[in-house]
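K.L.:
Questions regarding the structure given below will be posed in turn.
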Amino acid sequence: MSRVVIMCPGRGSYTEASLGSLDPDHELVRTAERRRSDFGLEPLLALDQAQRFEPARHLRPAHVSPLIYVKAMIDATAVASEHEVVAVGGNSMGWYIGLAVAGALSFEDGFRLVQKMALLQEELAGGGQILYPLVADDWTPSPEAQTAVDDTLASSGGEAMHSITLGGYTVLAGSAKGLSHLLKTLPQVRIGSVTYPIRLAQHGPYHTRLAEPVAVAAAREFSDLKLQAPHTTLVDGRGRLFSPWSTDLNELRRYTLGTQVTTPYDFTASVRVAMREFAPDQLVLPGPGNTLGGIVGQILVAEGWRGLRSKADFIADQKSAAASGSPPLVNSMTLQAT
Amino acid sequence: MSTNRVAVVEGNLDAYLDGAVGPDRLLSPDDPLRPGSALTARKAVELFEDQVLSRVLDVVARELKREGEGFYTISSAGHEQNAVLGAQLRTTDPCFLHYRSGAFMASRLRQLDGSTPLFDTLLSFCASTDDPVSGGRHKVWGSKEAWVPPQTSTIASHVPKAVGTAFSLSRARKLGLDTGLPEDAISVATFGDASVNHATALAGINSARYAWRRMNPTPVLFVCEDNQRGISVETPRRWIRDFFSRLEHLRYFEATGDVDSIWDTVSLAIQTCRTTQQPTFLRLRCHRLWGHAGSDVESAYMSQAEIELAESKDPVLANARRLIETGAATPAALRSMLKSARERVRAAAKEAKSRPKHVSVRAIIEPLAPEDPERWREAATAAIDPEKRRQVFGERLPENAKAPTRRTMGARINDALHDEMIRRPNVITFGEDVGRKGGVYGVTQNLQQHFGRSRCFDTLLDETTILGVAQGAGLVGLLPIPEVPYLAYLHNAIDQLRGEACSLQFFSNGQYQNPMVIRIAGLGYQKGFGGHFHNDNSIGALREIPGLAIACPSNGYDAVRMMRGALAMAATSGRVVTFLEPIALYHERDLYEAGDGLWLTDYPVPDGSADIALLPGEVGITHAEHKDLLIVSYANGYRLSLRAARQLEADGIKARVLDMRWLNPLPMDAILEHAEQCGNVLVVDECRATAAGAADSIIASLVEGGYRGVIRSVRSADSYIPLGAAAEVVLLSEEDIVKGAKEVLR
């Protein structure tokens, strides 16, 4: 049994290619649909099995979040049955999924948390997020981009702010005015076929003070949320650990419903801490999608993990594992499935 | 032997956990471990996690050593209760730690986001350049973010700087300077029961009590981790208690027994220190497992029964028992925690040992003596606000001195200190007699009057303390100019420079600095005090210290400019600079004849001109047009050389005279250039002959640098300086120089 770390995906992970991710017969899907009906929202399978991907419909927070949650939970459960999971984390919304993967929440409570938080965001948080690279195409750091980000935030009049540290990328957030400033001011950068900055569709200004109304509502809404000590260590978006033996449930609640909602999320720190303190054989990325694959690669390269010092090193290492049939260092379950 | 004992201790814990049965009722996480204790069940388990992690790291350190991949096996095993301190002290309480602080650090780093104590420790065992503390230079406990300046701590020589830090925290606040630390921060030094007997540790504890007795807030917590043994030598029973519990001006606590009792006592000790700002001594009962280090065979000096007795007191085992018996944790939970820690550490060790190691001298020494001459010059030559100068000097600006207009070196250094204290509000100066008396030779006169007792003050008569205060002051953002009254007095305290102040940037990979300019009155020829202690002419002990810069002016004009350069180096690059002041030249007025006044100088006005400061490498040249011979010297020797040059000139020999000004690093580029131009070199070194001065290095460097002309040296005799006129017999004389010069040209 190999020792694995699971890093759960965030909100951007369900895309057109993800349609049909959910097995209608899977127990978790059936359970999720029952809980979904509590909210009076259209069934997840209706969305997942739609003939075509409609961004406005599929990417609505209240739809995409539970789709991701269920798919990730299915994948993570499969991983846990075959490997020893030594630590669990996630990116942004992936933290909620991580709570369920690590057993700090039941599947159903995790579903309720994800679903309700998405609705609260729709209701309460104006503004949004943009994604911007701080590395070149070959993953070497771009000091110019960092300077541009710093300058742009500084000139935003407090309307734009840092949201997520995401490997070679930064996620910035802002009010409508702040977003407009970011999109207008940040120099355009092309990486691969994508031109940045890009607005993250239907994303709220999470992990900033603009999300404070969500935190306030969450504290009220989830006063009965049954958090329990995780069976596997959780690594949060500060790079702090919640172990099975000493988790402070009050702190876990404060962090989940408050701190991480209103302060920046450092996914890089969570991966770095998971690797350094648990040294897994593999880092597994449950589906849907593979949005974290490159990002995790960037973090590992920056860390020099297993001697990986460049994008080329990372790609070669992944390919070499695939060619030899041995498990890759970063195991994206979506790629594995395809 | 040691390997087996590791297995025995590990086996004891496993066996206990395998057979343990807890009570029927478990404690809730927020329940105290026992009624009245502040330690909750959850917190106790968290502590245990850190203690187990530390223990497993120690086990794996020995495995790495056997594989040839790890290089440090002095373990924390048996000292894990220090995690209680790590958990309760704040990361804004500066801590100077004993080398058995694995559990302390694991608990302390828990307070920081994104910390990785497990992997960091493995990197340090493996001496990898990725080690975030020392950059692979040494296994040290440290953290920039968590305020743990690293040092090796083997002889408790870090105690004085912990005291200096405590003292300086309130001093900086008094001066309105931001240390970046809260007002109630305390300074902490941990050490062993054997190392506390070192003179340095006792000096530190003594000076803390003295400072408190003089009404200075001195919030320092001394933690003696008492395992009752120093390598093979047993500490007498109750030695620590008998000694330290009975001292005035020192609060004393003992943390022993169960982890909850230890928690509560530690809490009380910390709170006492924090709220009263009084020096506080905490004896933490520890036990030593597995010998002093991996290479230490305990059976050579302990019986099997003694070894087993120590093992039976293993604090990790004791805490496991306490957690289970109180219902704070189940045996299964602790087994699972232990298994997880063992797996994690061994897996991470595979990665850590593959990490890069140092392979180049350049990279290793990089943080030792940072060079930044452009910024140094900018800082040293910046103009000082004339209005502020007028506020201090009034109508008596040094450059406007009248009757005479030119003044002695002692007076000029005094002027320079005034100006630098005007320029830099964080400069403080202190030592024996520097305050009210104004220095033994009057060099610090009026500083206390002008800048107050907070910036210029007397210390107790202990050079170790003076240098400890300087280190602490530098660490919290002050720029100290400590004074050591005589060069000979430095030797009882020199480890504070060699082992501590100058090593800090090395051990912390440049993350921590303790900038300072240490004024030392020294060298021979003075006509007041005679004898060795006031005329020491050996600087070998200073010249061999890595990274230490040594300035040694010969005259007032240079002294002012060099003081500016030295302070700029300290302020800009954190450098430790010694400013060696030749006592005999403090009040010297004349060069050739009595009354010629040629050794008096003007004052280089701090008006922003480029030439008002001197940096290492910048030498003084007299008779640049002469080419028969180059005389290389410094300080008194330089003045004697000028006199000798006049004699030589009368004999038709035209000597050029070079004042090195800086004795570390040596200005070899300039010396080589002038040597090549002259073709004959005489090195004039007033220090005693055997490796006490710079002559050997100069000659070797000239030869190795390609100089192929004639070279000789004259030096003082290899002797302590005797009293009275006999001093002249052993000290280098003007006639020795003339004679040496003629031999070079023969």
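Bear in mind that the values in this text are calculations on the coordinates, not laboratory data. Not measured: the values here are computed from a predicted model. Note: ideal-geometry Cβ built from the backbone for every residue, glycine included; neighbour counts use all protein chains shown.
K.L.:
Determine by what factor the alpha-carbon radius of gyration of chain B differs from 2.2 N^0.38 Å, reporting the quotient.
P.N.:
Working: Rg = 29.2 Å, N = 746, 2.2 N^0.38 = 27.2 Å.
It is 1.08.
K.L.:
Across chain A, how many lysine pairs separated by 8 or more positions, or lying on different chains, have Cα atoms within less than 23 Å?
P.N.:
Values: A:Lys71/A:Lys116; A:Lys71/A:Lys226; A:Lys116/A:Lys226; A:Lys311/A:Lys319.
Eligible lysine pairs with Cα atoms under 23 Å apart amount to 4.
K.L.:
Follow-up question, since we're still on this one. In Å, the Kirkwood hydrodynamic radius of the stretch B:533-586 over pairs of distinct alpha carbons? Working shown, then result.
P.N.:
On the way: mean 1/r = 0.0828 Å⁻¹.
Its Kirkwood hydrodynamic radius stands at 12.1 Å.
K.L.:
Separation between the B:Glu676 and A:Leu335 pseudo-spin-labels, each 7 Å from Cα along Cα→Cβ, expressed in nm?
P.N.:
Calculated label separation equals 5.9 nm.
K.L.:
Can you list, largest first and rounded to whole Å, the semi-axes you get for the stretch B:599-698 by taking the square root of 5 times each eigenvalue of its Cα gyration tensor? Don't skip to the answer; put the middle values down first.
P.N.:
Values: eigenvalues 99, 63, 39 Å².
Sorted largest first and rounded, they come to 22, 18, 14 Å.
K.L.:
Follow-up. Across the Cα atoms of the stretch A:118-234, what radius of gyration and what greatest pairwise Cα-Cα distance (Dmax) are found, in Å?
P.N.:
Over the stretch A:118-234's Cα set, Rg and Dmax evaluate to 16.4, 47 Å.
K.L.:
Considering only the other residues whose Cβ falls under 14 Å of the Cβ of B:Lys742, what net charge follows from Lys and Arg at +1 and Asp and Glu at -1? Write down the numbers at each step before the final one.
P.N.:
Working: positive: B:Lys654, B:Arg712, B:Lys739, B:Arg746; negative: B:Asp628, B:Glu649, B:Asp651, B:Glu734, B:Glu735, B:Asp736, B:Glu743.
Neighbour charge sum, excluding B:Lys742 itself: -3.
K.L.:
How large is the direction-averaged shadow of the alpha-carbon convex hull of the stretch B:238-314, in nm²? Intermediate values should be presented prior to the final figure.
P.N.:
Values: hull surface 26.3 nm².
It is 6.6 nm².
K.L.:
Please report, in debye to the nearest 20, how large the charge dipole of the protein assembly as shown is about its Cα centre when each Lys and Arg carries +1 at its beta carbon and each Asp and Glu carries -1 there. Show your work: numbers first, answer last.
P.N.:
On the way: 113 positive and 126 negative charges, 218 e Å.
Using only the charged Cβ atoms, the result is roughly 1040 debye.
K.L.:
Within chain B, what's the longest stretch lacking GluC sites (Glu not before Pro) that sit in DSSP loops with no more than 11 other Cβ atoms inside 10 Å? Each step should come with its number before you reach the end.
P.N.:
Details: sites that count: B:Glu183, B:Glu248, B:Glu395, B:Glu544, B:Glu593, B:Glu625.
Here the longest run is B:1-182.
K.L.:
So which lysines can B:Lys144 reach, going by Cα to Cα under 20 Å and dropping same-chain residues fewer than 8 places off?
P.N.:
Those lysines meeting the cut-off are B:Lys161.
K.L.:
Note down the relative contact order for the stretch B:251-384 as a percent, whole number, built from C-alpha pairs under 8 angstrom at least six residues apart.
P.N.:
Contact order relative to length: 17 percent.
K.L.:
Also, I was wondering about something else. Projected area of the stretch A:62-115, taken from the Cα convex hull and averaged over every viewing direction, in nm²?
P.N.:
Details: hull surface 13.4 nm².
If I average the Cα hull's projected area over directions, I get 3.4 nm².
K.L.:
Right, something else. Stokes-Einstein at 20 °C, 1.002 mPa s, Kirkwood radius from Cα pairs: D for the stretch A:269-332 in µm² s⁻¹? Please list the in-between numbers first.
P.N.:
Values: Rh = 11.9 Å.
In µm²/s, the coefficient is 180.
K.L.:
Roughly speaking, what % of Cα-Cα pairs in the stretch A:224-338 are separated by over 25 Å, rounded to a whole number? Numbers along the way, then the final one.
P.N.:
On the way: 2073 of 6555 pairs.
Of all Cα-Cα distances in the stretch A:224-338, 32 percent exceed 25 Å.
K.L.:
Given +1 on the Cβ of Lys and Arg, -1 on the Cβ of Asp and Glu, and no further charges, what dipole in debye does chain B carry about its Cα centre, rounded to the nearest 20? Before the final figure, lay out each step's value.
P.N.:
Details: 84 positive and 92 negative charges, 193 e Å.
Dipole magnitude for chain B comes out near 920 debye.
K.L.:
Enumerate the lysines that B:Lys339 could reach by cross-link, defined here as Cα to Cα under 24 Å, with residues fewer than 8 away along the same chain left out.
P.N.:
List returned: B:Lys43, B:Lys65, B:Lys313, B:Lys350, B:Lys353.
K.L.:
Take every Cα-Cα pair in the stretch B:386-460 and report what % of them are more than 22 Å apart. Could the numbers behind the result be given before it?
P.N.:
Numbers: 531 of 2775 pairs.
So the portion of pairs separated by more than 22 Å is 19 percent.
K.L.:
OK, next. Can you give me the P(r) profile for the stretch A:295-338? Cα pairs, bins 10 angstrom wide beginning at 0, each as a whole percent.
P.N.:
The percentages, shortest bin first, are 29, 56, 15.
K.L.:
Which length gain, in nm to one decimal place, applies between A:Asp25 and A:Phe53 when the Cα-Cα distance is subtracted from 0.36 nm times their residue separation? Mind dumping the intermediate values first?
P.N.:
Numbers: separation 28, 0.36 × 28 = 10.08 nm, distance 2.19 nm.
In short, 7.9 nm is gained.
K.L.:
Let me ask something else. When the Kirkwood hydrodynamic radius is evaluated over all pairs of different C-alpha atoms of the stretch A:155-296, what value in angstrom, to one decimal, is obtained? Before the final figure, lay out each step's value.
P.N.:
Numbers: mean 1/r = 0.0587 Å⁻¹.
Result for the stretch A:155-296, one decimal place: 17.0 Å.
K.L.:
Specify which residue in the list B:Ala348, B:Thr129, B:His418 is farthest towards the positive end of the charge dipole of the protein assembly as shown, using unit charges on the beta carbon of Lys, Arg (+1) and Asp, Glu (-1), about the Cα centre.
P.N.:
B:His418
K.L.:
Would you mind computing Rg(Cα) / (2.2 N^0.38 Å) for the stretch A:226-283, counting N as its residues?
P.N.:
Here the Cα radius of gyration is 1.14 times the empirical estimate.
K.L.:
Right, next: I need the per residue convex hull volume for the stretch B:510-602, using only the alpha carbons, in cubic angstrom as a whole number.
P.N.:
On the way: hull volume 9.1 nm³, N = 93.
Output value, Cα hull per residue: 98 Å³.
K.L.:
Let's test this: bin the Cα-Cα distances of the stretch B:370-510 at 10 Å from zero up to the farthest pair and state each bin's percent.
P.N.:
11, 35, 36, 16, 2, 0
K.L.:
So, one more: Just the number: Rg to Rh for the stretch A:15-144, Cα atoms, Kirkwood Rh, two decimals. Don't skip to the end; give the middle numbers.
P.N.:
Working: Rg = 16.3 Å, Rh = 16.1 Å.
Looking at the stretch A:15-144, the ratio lands at 1.01.
K.L.:
Exposure proxy check: A:Ser193, B:Ser360, B:Ser134, B:Ser312 ranked by fewest other beta carbons within 10 Å? Don't skip to the end; give the middle numbers.
P.N.:
Details: A:Ser193 5, B:Ser360 8, B:Ser134 22, B:Ser312 12.
Fewest-to-most Cβ neighbours within 10 Å comes out as A:Ser193, B:Ser360, B:Ser312, B:Ser134.
K.L.:
Ranking A:Tyr206, B:Tyr512, B:Tyr720 by Cβ neighbours within 10 Å, fewest first, what do you get? Can you show the working numbers first?
P.N.:
Details: A:Tyr206 28, B:Tyr512 21, B:Tyr720 16.
With the sparsest Cβ surroundings first, the list reads B:Tyr720, B:Tyr512, A:Tyr206.
K.L.:
Rg/Rh for the stretch B:286-375 to two decimals, with Rh computed the Kirkwood way over all alpha-carbon pairs.
P.N.:
On the way: Rg = 21.9 Å, Rh = 18.1 Å.
Result for the stretch B:286-375 is an Rg/Rh of 1.21.
K.L.:
Positive end of the charge dipole of chain B (Lys, Arg +1 and Asp, Glu -1 on Cβ, about the Cα centre): tell me which of B:Leu282, B:Phe191, B:Ile550 has its Cα farthest that way.
P.N.:
Comparing the listed Cα positions along the dipole, B:Leu282 ranks first.
K.L.:
With no solvent and one point on each alpha carbon, what is the Debye value of log10 I(q)/I(0) for the protein assembly as shown at q = 0.04, 0.08, 0.09 Å⁻¹?
P.N.:
-0.27, -0.93, -1.09
K.L.:
Ranked by Cβ crowding within 10 angstrom, fewest neighbours first, how are B:His450, B:His287 ordered?
P.N.:
Values: B:His450 17, B:His287 22.
Lowest count first: B:His450, B:His287.
K.L.:
Can you tell me the equivalent ellipsoid semi-axes for the stretch B:55-175? Use √(5λ) from the Cα gyration tensor, largest first, whole Å.
P.N.:
Values: eigenvalues 138, 43, 38 Å².
Taking √(5λ) for each eigenvalue gives 26, 15, 14 Å, largest first.
K.L.:
What is the dipole size for the stretch B:77-173, taken about its Cα centre, with +1 at each Lys and Arg Cβ and -1 at each Asp and Glu Cβ, in debye to the nearest 20? Write out the running numbers ahead of the final one.
P.N.:
Numbers: 10 positive and 7 negative charges, 79 e Å.
The dipole of the stretch B:77-173 has a size of about 380 debye.
K.L.:
Provide, as a two-decimal number, the C-alpha radius of gyration of the stretch B:475-522 over 2.2 N^0.38 Å, N being how many residues it has. Before the final figure, lay out each step's value.
P.N.:
Working: Rg = 11.7 Å, N = 48, 2.2 N^0.38 = 9.6 Å.
Here the answer is 1.22, to two decimals.
K.L.:
Only helices at least 27 Å long along their axis, Cα-based, and averaging -1.0 or more on Kyte-Doolittle count here, so list those DSSP H runs from chain B.
P.N.:
On the way: long enough: B:41-67 (39 Å, -0.25); B:331-353 (33 Å, -0.59).
Qualifying helices: B:41-67, B:331-353.
K.L.:
Using a Debye calculation, one point per C-alpha and no hydration shell, please list log10 I(q)/I(0) for the stretch A:58-202 at q = 0.09, 0.10, 0.14, 0.15 Å⁻¹ in order.
P.N.:
Result of the Debye calculation: -0.36, -0.44, -0.79, -0.88.
K.L.:
Per the Kirkwood definition applied to all pairs of different Cα atoms, how many angstroms is the hydrodynamic radius of the stretch B:659-746? Walk me through the numbers before you get to the answer.
P.N.:
Numbers: mean 1/r = 0.0729 Å⁻¹.
Value: 13.7 Å, from the Cα pair sum.
K.L.:
Still on this structure, I have one more. For the stretch B:4-101, with equal point scatterers placed on the C-alpha atoms only and solvent neglected, what are the log10 I(q)/I(0) values from the Debye formula at q = 0.18, 0.25 1/Å, to two decimals?
P.N.:
Log-scaled intensity ratios, in q order: -1.03, -1.33.
K.L.:
Let me have the 222 nm mean residue ellipticity of chain B computed from DSSP H runs of 4+ only, each contributing -39500 (n - 2.57), with the sum over all residues rounded to the nearest 500. Numbers along the way, then the final one.
P.N.:
On the way: 28 runs with 310 residues, N = 746.
The helix-only estimate for chain B comes to -12500 deg cm²/dmol at 222 nm.
K.L.:
Oh, and also: In the P(r) worked out for chain A, what percent of Cα pairs fall beyond 25 Å? Present the calculation step by step, with values, prior to reporting the outcome.
P.N.:
Working: 27998 of 56953 pairs.
Cα-Cα pairs in chain A separated by more than 25 Å: 49 percent.
K.L.:
Considering only A:Met93, A:Tyr69, A:Ala50, whose Cα is most displaced toward the positive end of the charge dipole of the stretch A:1-98, charges sitting on Cβ of Lys, Arg (+1) and Asp, Glu (-1)?
P.N.:
Checking the options against the dipole of the stretch A:1-98, the answer is A:Met93.
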